[in-house]
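A.B. asks: Would you mind keeping the following structure in view while I ask a few things?
The values are calculated or read from the model by the stated rules, or taken from the named source; none is laboratory data. It should be emphasised that the depicted structure is a prediction, and the values quoted were computed from it without experimental measurement. So basically every Cβ, Gly included, is an ideal-geometry build from the backbone, and we count neighbours across all protein chains shown. What goes into the accessible areas is simple: the full protein's heavy atoms, side chains included, and nothing from ligands, DNA or RNA. Shrake-Rupley method; radii C 1.70, N 1.55, O 1.52, S 1.80 Å.
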Amino acid sequence: MVQPTDTVSSDMPDKPRNGGARIVVTYKGKRIAKYRLAKRKVMIGRRHDCDIRINSRSASRHHAQIFTVLDQAYVLDLDSKNGTFVNSRRIKKHTLEDGDVVSIGGFDLAYTRPDDEQ
């Protein structure tokens with residue numbers, strides 16, 4: 001069985017596009033990884049080419065995407081079978097606000113922005 005710390009990769013080489021916005025990934029209440037949103041488009045899913053890899057059979061290969069337009073981040077469900085949830089509500093597209101929690105395949109991805117960006 002894969003340990004939760006092995007389920008998410010954190011390689012994001014670009015210069016930050018969304019200021020200091022970050023994603024903190026947790027699994028069953030345990031912090032797994034922290035990411036700076038460093039690209040305009042961040043792919044989330046279980047394939048190896050995803051920026052944030054989720055090792056869960058409930059997650060699609062390319063499950064969702066976080067994208068940034070003019071310093072505003074959005075999460076978009078990519079027609080996943082089991083859905084993408086923000087703050088326990090199923091979404092297709094959602095404007096991310098500080099403190100929002102995106103849930104995919106049993107993993108929670110908390111979105112945070114520094115106070116000076118709001």
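A.B. asks: Would you report the distance distribution of C-alpha pairs in the range 64-118 as whole percents per 5 angstrom bin, up to the bin with the largest distance?
C.D. replies: With 5 Å bins starting at 0, P(r) equals 4, 20, 33, 24, 12, 6, 2, 0.
A.B. asks: Moving to a separate point now. Counting only heavy atoms of protein chains, what accessible area per residue, in Å², does the range 21-93 have with a probe of 1.4 Å?
C.D. replies: Working: 4320 Å² over 73 residues.
It amounts to 59 Å² per residue over the range 21-93.
A.B. asks: When we measure straight from the Cα of Lys93, which lysines land under 16 angstrom away, once same-chain ones fewer than 8 places off are left out?
C.D. replies: Once the sequence-local lysines are set aside, what remains near Lys93 is Lys41, Lys81.
A.B. asks: Moving on to the next point. Between Asp79 and Thr112, what length in nm is gained on full extension when 0.36 nm per residue of separation is reduced by their alpha carbon distance?
C.D. replies: Fully extending the segment from Asp79 to Thr112 adds 9.4 nm.
A.B. asks: Continuing with the same structure: At 1.4 Å probe size, with the rest of the protein present, what percent of the exposed accessible area of the range 38-95 is carbon and sulfur atoms? Don't jump to the answer; show the numbers that get you there.
C.D. replies: Numbers: 1490 of 3470 Å².
Looking at the range 38-95 in its full context, I get 43 percent from C and S.
A.B. asks: Just how large is the dipole of the range 21-84 about the Cα centre, in debye to the nearest 20, putting +1 at every Lys and Arg Cβ and -1 at every Asp and Glu Cβ? Spell out each step's value before the answer.
C.D. replies: Working: 15 positive and 5 negative charges, 80 e Å.
It comes to approximately 380 debye.
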